[in-house]
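Novice: I'd like to ask some things about the structure below.
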Protein chains: 2
Amino acid sequence: MPDAAQLEHLKKLATLIRYDILTMTTQAGSGHPTSSMSAAELMIGLMFGGIFRYDLDNPKHPNNDRLIFSKGHATPLFYSLWALAGKLTEADLMTYRHFGSPLEGHPTMSFRYTEAATGSLGQGLAIGLGVALNAKYLDRLPYTTYVLLGDSEMAEGSQWETMQLAAHYKLDNLVGVLDVNRLGQRGETMYGHDLMAYERRIAAFGWETILVDGHAFPEVLAAYSRAMTVTDKPVMIIARTIKGKGVSFIEDKNGWHGKTLSREELAKALPELGPVDKTVRGKVQKPEDLRPAPAAPKPAAPLAYEPGASLATRKAYGNALKRLYPQYPDLVSLDAEVSNSTYAEIFKNAFPQEFFEMYIAEQNMVGAGLGLATRGKIPFVSTFAAFFSRAFDQVRMSQYSEPNLKFCGSHAGVSIGEDGPSQMGLEDLAMFRSVLSSVVLYPADAVATERLVEAALEHHGIVYIRTTRAGTPVIYGPEEKFPIGGLKVLRQSDHDLVTVIGAGVTLFEALAAYEALQKEGISIRVIDLYSVKPVDGAALLAAAQATRGLITVEDHYPAGGIGEAVMAALAPNPVPVYALAVTQKPKTGKPAELLDYEAISRNAIIKLVKEIAASR
Amino acid sequence: MPDAAQLEHLKKLATLIRYDILTMTTQAGSGHPTSSMSAAELMIGLMFGGIFRYDLDNPKHPNNDRLIFSKGHATPLFYSLWALAGKLTEADLMTYRHFGSPLEGHPTMSFRYTEAATGSLGQGLAIGLGVALNAKYLDRLPYTTYVLLGDSEMAEGSQWETMQLAAHYKLDNLVGVLDVNRLGQRGETMYGHDLMAYERRIAAFGWETILVDGHAFPEVLAAYSRAMTVTDKPVMIIARTIKGKGVSFIEDKNGWHGKTLSREELAKALPELGPVDKTVRGKVQKPEDLRPAPAAPKPAAPLAYEPGASLATRKAYGNALKRLYPQYPDLVSLDAEVSNSTYAEIFKNAFPQEFFEMYIAEQNMVGAGLGLATRGKIPFVSTFAAFFSRAFDQVRMSQYSEPNLKFCGSHAGVSIGEDGPSQMGLEDLAMFRSVLSSVVLYPADAVATERLVEAALEHHGIVYIRTTRAGTPVIYGPEEKFPIGGLKVLRQSDHDLVTVIGAGVTLFEALAAYEALQKEGISIRVIDLYSVKPVDGAALLAAAQATRGLITVEDHYPAGGIGEAVMAALAPNPVPVYALAVTQKPKTGKPAELLDYEAISRNAIIKLVKEIAASR
């Protein structure tokens, strides 16, 4: 229990933070003051109540406790906390939401104390899970991860994915703080102030629950203390709070979400806070100076693939993870209950400690991957290419945390065959290309896969690797290099009619078309576009200018895929591009039947090449 | 309780269905026999135990009970059920997974008894929720919706979104059947055969739960009977089952997911089933012949927008729904707790019965929309454009159900301003364009918005409408037509240097650039590309050929957006395309600051036009 002096001190901090929240949002003219005010005592109690351990001068300290605002719109509270800690001035706060200020509308990495960018609701807890997995199972450090949650966002299914996985992994170092302020953006939440409704659900999912009045410091501090004693399960502090708490005319009122006070309203509100001591500051405890003990890197074994042997690139992906881990001991693997299909299981079987089974819960998996990445790991997150669409919001959001995060999607395209369209990744290139800073790689054979996994490890950023279900022949020698942004010209002569660009399975269709056309006296250039983003525009332009144009062939829907990537690379200096892609609603069938049906097979290429030949 | 004869009959059906499941999958060489065998008694009990009411000759009967296989991989069971009902022959079953057969690997609309295409797990329950909402609140018919669920897929957060919403809407006409066969694709699920783990969670979410032995017909039938008596809550029948039940060497064994028996194994397995009576058939009860009583359409009111007045297209969207509902009484609106931002609230306030608040649970919302569409409604599903990424898998999958389904994403692009990148829709065009059969519309003013909502209502299929946060001036007269696939040439002369293509906010940047350049003696052509998919390629080609090329300007990331849509439309007949798009990591700021920062503003257009002018 806090003594009277401590209580007095915390209350002063709460008064000042409400002052900061209100003034900075009125100054900004936008923002979410009321959603910030409801969690003031919860966050002040955590940070300045002797619980939170953090080296303010070293945000990267590996043993810092971690605080993630899943309710990312509560940035007025978030930034003001660090002001109370002495790390921002009032003048800094007045730049809130201005262009160029690190204090952006939702937390981003431009602010040095942001752990991960949030703002799309229901994502912070999964990130916290990744951080907590790191602490408990990888770095083995005693820090705790705290996640501030809104009540509205508990409607997101992603939360319940994380709830179950956190309990499954017994993450007693993960503490959720649920700010039940009753009101969502446009009205009351499903459960209002019925804390028991949350408690029943959360407890059923295997968490320890603690109910508190979120504005009573003694209860809040006691809850955090109790949370520290819980073992083998994560803890949720479920707090009854009042939205807009502290100012009578906005307290618990609908219509005040994401709304700031006018100057006049501010003038009316501030006196209600009572005397504001602008000099009061909170003290944050320092963490123990513990460090993880990472394994020393050892050179990876060389490649050993027989030229011409058939191997699925998905299998080469698993081989690559296993082969490369000794050299990159920060590598971890996550998979969504399909490791025997993505072949992440090859890695899992070799290094079970560095593998996390995430079950069929892709959103949490991507969030957890991001959490691990924030702690310096290099997560490889795998599932069927199609099922990453389940986590597109998490993928999209992850870019704003600037992570070193890798995705591998298997079972690309109609070439998977009989399972049909639900299992076919036909939008994954569009999806991952749309991420601004992403790299998108699409190996055709086992050697390319191994080298591109290596390239992904060497590249700091978001990388997507697309793999194929069926075996493809090994066409590259073990010494072949695959730089990101490159391509391979596999067939060329000085009298090529057109250039055919394949990738993955369609490369082999292009090569087969080459053979067939050669017999008829027609030469085509064949390119393996293994780097779909970035694209080697200069090499494509040269090939296009040396021939009558480009034919792209892709096992993907037309929009956002390889064809458009090629067009975009050449747009100011246009050349004819003929895009073959999946344009019929796919169905069940044998791979070869489906490639023909979609006109992305060798036959379709041959037909188009002959049409072009006849057209002049 | 079934009498001895009925029990005997049901057991014969179960034996035959196992025979069918095993033989058709061995014949196909792929498929999921073991996942089908676990649910045999559950489904036979439902369909042929006197519970299920369905007019076999009229699958569209509005009062049919509905059965959705959320575990879509159990198609051997699904199709065999309809064979037992007399609607497929053994020869039909032998075409399973063959190219051209309606019996595809996962359920699609090529099979007449499929309610909705499934196969990406965790989606069937949300579709069922939409169907049940329709029955209870719109058509007001007494049919029941049954959803067969796998235990592995309960890890998907989407399930728990639906769990909470179904309870919230008191859907006592929705019955889940949870096939707890313990084994997922690559091993045991998180909870194995711990039925209580499911029961605790599901009951906490407000459902009635009934635990049964899923292979004991008396228990199964009693559960369905009891489910019919539950009021004001949905019901989950939680069944303990054995994967591969009926054949000793695959029963409850890991490693048999998605694996068929070889001919030799089949020969060993079939005798274990006992005598098979291939003539036995089940009888399905007919439904009461009730019909919904839809409102008679009345002509919509005419448009009334003041030319030049400023109005956000998102607000015009709300106005349009309200204005058009009388003419299209099948219109329903769903929104994810942001109806005061998307302005679906304008419709909600006018027609509260036709509006469903879906809270912050976008995956369930899209699934529910699909469910409503399967029952003939025309759902308009709205949230921030960015947050549709949360439901990309549901959007992607919905196309395979061939629905009449509309999406509206508000708050597109960096032009939303201070809230920052988490709230900015910057990938939504790429995402919705990637859906093969989609239409993508992007109105610039209020009139265009109204007309495009109308066009969406008239077009049977998936339509995405992108709206803008800020007000834009009304530039079109009330009689202007906006056909899907069209564009508007707003400025042109016979001496235009280049053609600038805008849409939404960037159209007004293009118009402002036009004015500024006119003063300097430079003419540009300006096009409003309100139909992003399909694109009017012929008109673009004409404009490009009449000028030095095209400049596309879009408030969206480059990949998969308007620039690439334009390039793709012109690819075989290329013209220079200069694509201006969002290429810097967005941040917080004022809309105009951000348009400049991203070089998609009038200033950026003017600069590029002058560069092109100087380049010759």
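The values are calculated or read from the model by the stated rules, or taken from the named source; none is laboratory data. Note that the structure is a prediction, hence the values are computed from the model and not measured. As a convention, Cβ positions derive from the backbone with ideal geometry for all residues, glycine included, and neighbour counts pool all protein chains shown. Areas reflect the complete protein model, heavy atoms only, side chains present, ligands, DNA and RNA absent. Shrake-Rupley method; radii C 1.70, N 1.55, O 1.52, S 1.80 Å.
Novice: What number of residues in the stretch B:571-616 are within 8 Å of another protein chain (Cβ to nearest Cβ), under 23 Å from residue B:545 (Cα atoms) and not hydroxyl-bearing (Ser, Thr, Tyr)?
Specialist: Final tally of qualifying residues: 8.
Listed here are the residues, each with its yes/no results for (1) within 25 Å of residue A:511 (Cα to Cα); (2) surrounded by 24 or more Cβ atoms within 10 Å (Cβ to Cβ).
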position: A:414; (1), (2): yes, yes
position: A:418; (1), (2): yes, no
position: A:425; (1), (2): yes, yes
position: A:436; (1), (2): no, no
position: A:461; (1), (2): no, no
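Novice: While we're on this one: Those residues that are over 23 Å from residue B:615 (Cβ atoms) and open to solvent by less than 10 Å² (accessible area, probe 1.4 Å), I need them from the stretch B:495-529; list them, please.
Specialist: If the condition is that a residue be over 23 Å from residue B:615 (Cβ atoms) and open to solvent by less than 10 Å² (accessible area, probe 1.4 Å), then B:503, B:504, B:507, B:528, B:529 are the ones that fit.
Novice: A further question follows. Please state which one of B:211, B:148 is under 24 Å from residue B:73 (Cα atoms), modelled with pLDDT of 95 or more and surrounded by fewer than 20 Cβ atoms within 10 Å (Cβ to Cβ).
Specialist: The conditions single out B:211.
Novice: Yes or no: residue B:53 open to solvent by 10 Å² or more (accessible area, probe 1.4 Å) and in contact with a strand residue (DSSP E or B) (Cβ under 6 Å, 6 or more places away or on another chain)?
Specialist: So residue B:53 passes the test.
Novice: A follow-up question, please. Yes or no: the stretch A:312-320 includes at least one residue that is within 14 Å of chain B (Cβ to nearest Cβ), buried (at least 20 other Cβ atoms within 10 Å of the Cβ), part of a helix (DSSP H, G or I) and β-branched (Val, Ile, Thr).
Specialist: Checked against the condition, which is being within 14 Å of chain B (Cβ to nearest Cβ), buried (at least 20 other Cβ atoms within 10 Å of the Cβ), part of a helix (DSSP H, G or I) and β-branched (Val, Ile, Thr), the stretch A:312-320 yields no hits at all.
Novice: Say whether the condition of being open to solvent by less than 10 Å² (accessible area, probe 1.4 Å) and over 20 Å from residue B:308 (Cβ atoms) is met by at least one residue in the stretch B:467-477.
Specialist: Looking through the stretch B:467-477, none of the residues is open to solvent by less than 10 Å² (accessible area, probe 1.4 Å) and over 20 Å from residue B:308 (Cβ atoms).
Novice: Do we find that residue B:561 is within 11 Å of chain A (Cβ to nearest Cβ) and either small (Gly, Ala, Ser) or surrounded by fewer than 24 Cβ atoms within 10 Å (Cβ to Cβ) (or both) in this structure?
Specialist: Criteria met by residue B:561.
Novice: Can you pull out every residue in the stretch B:80-113 that is without any contact (Cβ under 8 Å) to a residue 60 or more places away in the chain, of a type in the set (Phe, Trp, Tyr) and touching a helix residue (DSSP H, G or I) at 6+ places or on another chain (Cβ under 6 Å)?
Specialist: Once the filter is applied, which keeps residues that are without any contact (Cβ under 8 Å) to a residue 60 or more places away in the chain, of a type in the set (Phe, Trp, Tyr) and touching a helix residue (DSSP H, G or I) at 6+ places or on another chain (Cβ under 6 Å), the stretch B:80-113 yields B:99, B:113.
Novice: Can you name every residue in the stretch B:139-175 that is over 18 Å from residue B:366 (Cα atoms) and more than 14 Å from every other protein chain (Cβ to nearest Cβ)?
Specialist: Those that are over 18 Å from residue B:366 (Cα atoms) and more than 14 Å from every other protein chain (Cβ to nearest Cβ): B:139, B:140, B:141, B:142, B:143, B:144, B:146, B:148, B:172, B:173, B:175.
Novice: Condition (residue is closer than 30 Å to residue A:504 by Cβ and surrounded by 17 or more Cβ atoms within 10 Å (Cβ to Cβ)) applied to the stretch A:287-300: is it met by at least one residue?
Specialist: The answer is yes, given that some residue of the stretch A:287-300 is closer than 30 Å to residue A:504 by Cβ and surrounded by 17 or more Cβ atoms within 10 Å (Cβ to Cβ).
Novice: Here's something else I'd like to know. Which condition number in (1) farther than 28 Å from residue A:110 by Cβ; (2) touching a residue at least 12 places away in the same chain (Cβ under 8 Å); (3) of a type in the set (Gly, Ala, Ser); (4) out of contact with any strand residue (DSSP E or B) (no Cβ under 9 Å at 6 or more places or on another chain) is the one that residue B:521 fails?
Specialist: Against the list (1) farther than 28 Å from residue A:110 by Cβ; (2) touching a residue at least 12 places away in the same chain (Cβ under 8 Å); (3) of a type in the set (Gly, Ala, Ser); (4) out of contact with any strand residue (DSSP E or B) (no Cβ under 9 Å at 6 or more places or on another chain), residue B:521 comes up short only on (2).
Novice: Identify all residues within the stretch B:98-115 that are buried (at least 24 other Cβ atoms within 10 Å of the Cβ) and of a type in the set (A, V, I, L, M, F, W, C); write none if there are none.
Specialist: Listed by number, the list holds a single entry, B:103.
Novice: Say whether the condition of being within 14 Å of chain B (Cβ to nearest Cβ) and open to solvent by less than 10 Å² (accessible area, probe 1.4 Å) is met by at least one residue in the stretch A:3-19.
Specialist: No - not one qualifying residue is present in the stretch A:3-19.
Novice: Show the residue pairs meeting these rules: Cβ distance below 8 Å; 6+ apart or different chains; first residue within the stretch A:535-546 and among the small types (Gly, Ala, Ser); second residue open to solvent by 20 Å² or more (accessible area, probe 1.4 Å) and part of a helix (DSSP H, G or I).
Specialist: Filtered contacts from the stretch A:535-546: A:537/A:569.
Novice: Also: How many residues are open to solvent by less than 10 Å² (accessible area, probe 1.4 Å) and farther than 18 Å from residue A:315 by Cβ if we restrict to the stretch A:439-456?
Specialist: Residues flagged as open to solvent by less than 10 Å² (accessible area, probe 1.4 Å) and farther than 18 Å from residue A:315 by Cβ within the stretch A:439-456 amount to 2.
Novice: On the given criteria, is residue A:483 assigned to a loop (DSSP other than H, G, I, E, B), under 14 Å from residue A:529 (Cβ atoms) and open to solvent by 40 Å² or more (accessible area, probe 1.4 Å)?
Specialist: Criteria met by residue A:483.
Novice: Could you list, in sequence order, the residues of the stretch B:192-205 that are part of a loop (DSSP other than H, G, I, E, B) and surrounded by fewer than 20 Cβ atoms within 10 Å (Cβ to Cβ)?
Specialist: Matches in the stretch B:192-205: B:192, B:193, B:194.
Novice: A further question follows. Given the residues A:209, A:260, which is the only one that is assigned to a loop (DSSP other than H, G, I, E, B) and polar (S, T, N, Q)?
Specialist: Residue meeting the stated conditions: A:260.
Novice: Scan B:95, B:118 and give me the residue that is crowded, with 23+ Cβ neighbours inside 10 Å, among the polar types (S, T, N, Q) and either more than 7 Å from every other protein chain (Cβ to nearest Cβ) or assigned to a loop (DSSP other than H, G, I, E, B) (or both).
Specialist: B:118
Novice: Further, regarding this structure: Suppose we keep only residues that are among the acidic types (Asp, Glu) and within 11 Å of chain A (Cβ to nearest Cβ) within the stretch B:338-387. Which one would you say is most open to solvent (accessible area, probe 1.4 Å)?
Specialist: B:345
Novice: Related question: Is it the case, given these coordinates, that residue B:534 is touching a strand residue (DSSP E or B) at 6+ places or on another chain (Cβ under 9 Å), within 14 Å of chain A (Cβ to nearest Cβ) and surrounded by fewer than 21 Cβ atoms within 10 Å (Cβ to Cβ)?
Specialist: Spelling it out, residue B:534 is indeed touching a strand residue (DSSP E or B) at 6+ places or on another chain (Cβ under 9 Å), within 14 Å of chain A (Cβ to nearest Cβ) and surrounded by fewer than 21 Cβ atoms within 10 Å (Cβ to Cβ).
Novice: Quick check on the stretch B:293-309. Is at least one of its residues closer than 20 Å to residue B:473 by Cα and part of a strand (DSSP E or B)?
Specialist: Checked against the condition, which is being closer than 20 Å to residue B:473 by Cα and part of a strand (DSSP E or B), the stretch B:293-309 yields no hits at all.
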